[in-house]
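Working notes for the structure below.
What follows draws every value from the coordinates through simple rules; no lab data is involved. Predicted model, so just to flag it, every value in this text is computed and none were measured. Cβ placement follows ideal geometry from the backbone for every residue including glycine, while neighbour counts extend to all protein chains displayed.
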Amino acid sequence: MPARKRPLRGSRAFYPRKRAKRIYPGVKNAGKTKEVKPLAFAGYKAGMSHAILTETNPNSQLYGKEVSKAFTVLECPPLSVFGFRCYSLSEENNKKISICDVFAEKLSKNLARATKLPKNLGLGALEKIQGKNITDVSLLCHTNPTFKKTPEIFEIPLGGEDVNQKLEYAKQILGKEIKIQDVFKEGDYVDVSAVTKGKGFEGPVKRFGIVVLGRKFQQMHRHVGSLGPAEPGKIRPTVPAAGQHGFQTRTEFNKRILKIQTGFDAQFVNYGPVKSEAVLLEGSVPGSKKRLVMLRMPIRPPKTKYPVQIKEIVR
């Protein structure tokens, strides 16, 4: 008889399955651009709806026909740039290390709710690193949410090839605001990162989708049938077990921006009205409502872009 085989129960792509360190992700990697501009933006998940589009992909069987597409509404108020950070390469292991943080002279009052405000403000901090080799510059930003007072703080990398141009751009935009239109346009593809909904401590049936055993299986019905072989004398980490389910950082690639507009004429449950800029993102987005979602330049974007033709937005 041939050996009976089945796929593993649950994905092994995300291990260990632990809770995220914080409720919103950061931006470690992003796609590269020759233009000096921010490579990421942030918005709050409000809800979902759908729109009637005209298929513009000539390779599709529905080319030229009307199709219904679901989209996620993200409220993206302007981001405040309260500082920038300079990096250099370490002589020991050739890794990026932070050498200087420069902060704006005037900071938001709500920023003190999220972190301790620095004492040394202004561009005077750059005098301490004169003579050092600056290899990269990134922006320090905080959000301006419409439904709460405490902002989120994160770091946004800058695109471009010349470090001096990045430094000049950071000096010009210090203390000012960035809008979503300064980073992305309609029809662009973005990578979406967010912390998924937390389910708490769950068993292996819900966590990995194992089969519930029959009534004659040694009084254990919602457990795995075998914990593994006798050797090496321990339970391997690939065996489905109970533990934390959800509340983990996940990234989805190549989500298309259908439209960028001011506000959205709809009241979303558990969120309310969208007052500032709204981004209509094709498809679903991980996370619950009011959760911060990071949009970044795609690491592996599609080779071709097709125009977006919206016939009707259903609210």
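Things to note:
- Per-residue Cβ neighbour rank within 10 angstrom, fewest leading, Leu123, Leu174, Leu139: Leu123, Leu174, Leu139
- Label-point separation in nm, Arg215 to Ile129, each point 7 Å along Cα→Cβ: 7.0
- For the range 47-97, the set of trypsin sites (Lys or Arg not before Pro) satisfying both a DSSP loop assignment and a count of at most 13 other C-beta atoms within 10 Å is given as Lys65, Lys95.
- DSSP-loop trypsin sites (Lys or Arg not before Pro) across the range 157-226, with at most 16 other Cβ within 10 angstrom: Lys176, Lys179, Lys185, Lys197, Arg215, Lys216, Arg222
- Cα-Cα pairs of the range 1-149 separated by more than 18 Å (percent): 77
- Neighbours of Leu79 by Cβ distance under 9 Å: Lys/Arg scored +1, Asp/Glu scored -1, total 0.
- Sorted by Cβ neighbour density within 10 Å, fewest at the top, the residues Tyr306, Tyr63, Tyr24: Tyr63, Tyr306, Tyr24
- Projecting the Cα atoms of Leu107, Ser90, Gln165 onto the charge dipole of the range 79-178 (Cβ charges, centred on the Cα centre) puts Leu107 farthest toward the positive pole.
- Exposure proxy ranking for His221, His245, based on other Cβ atoms within 10 angstrom of each Cβ and starting from the fewest, stands as His221, His245.
- Positive contributions from Lys and Arg (+1) and negative ones from Asp and Glu (-1), summed over other residues with Cβ under 13 Å from the Cβ of Thr251, come out at +3.
- Within the shell defined by Cβ-Cβ distances under 11 Å, the residues around Ser108 carry a net charge of +3, with Lys and Arg each +1 and Asp and Glu each -1.
- Full extension of the chain segment joining Ser284 with Asp101 gains 62.3 nm, where the gain is 0.36 nm per residue of separation less the Cα-Cα distance.
- For the range 152-211, average projected area of the Cα convex hull in nm²: 8.1
- log₁₀ of I(q)/I(0) at q = 0.14, 0.25 Å⁻¹ - the range 79-178, Debye sum with one point per alpha carbon: -0.54, -1.40
- C-alpha long axis of helix 163-173 to longest principal axis of the chain, angle in °: 80
- Length gained when the stretch Gln61-Gln309 is fully extended (0.36 nm per residue, less Cα-Cα span): 87.6 nm
- Correct option for Cα extents along the principal axes in Å [calculated from the coordinates] among (1) 98, 51, 27; (2) 74, 57, 39; (3) 76, 46, 32: (2)
- Among the cysteines of the chain, Cys76, Cys141 have no other cysteine beta carbon within less than 4.7 Å of their own.
- Backbone N atoms of the range 39-55 closer than 14 Å to the 7 Å Cα→Cβ label point of Ser68 belong to residues 49-53.
- Highest mean first, the peptides 266-276, 246-256 sorted by other C-beta atoms within 10 Å per residue fall in the order 246-256, 266-276.
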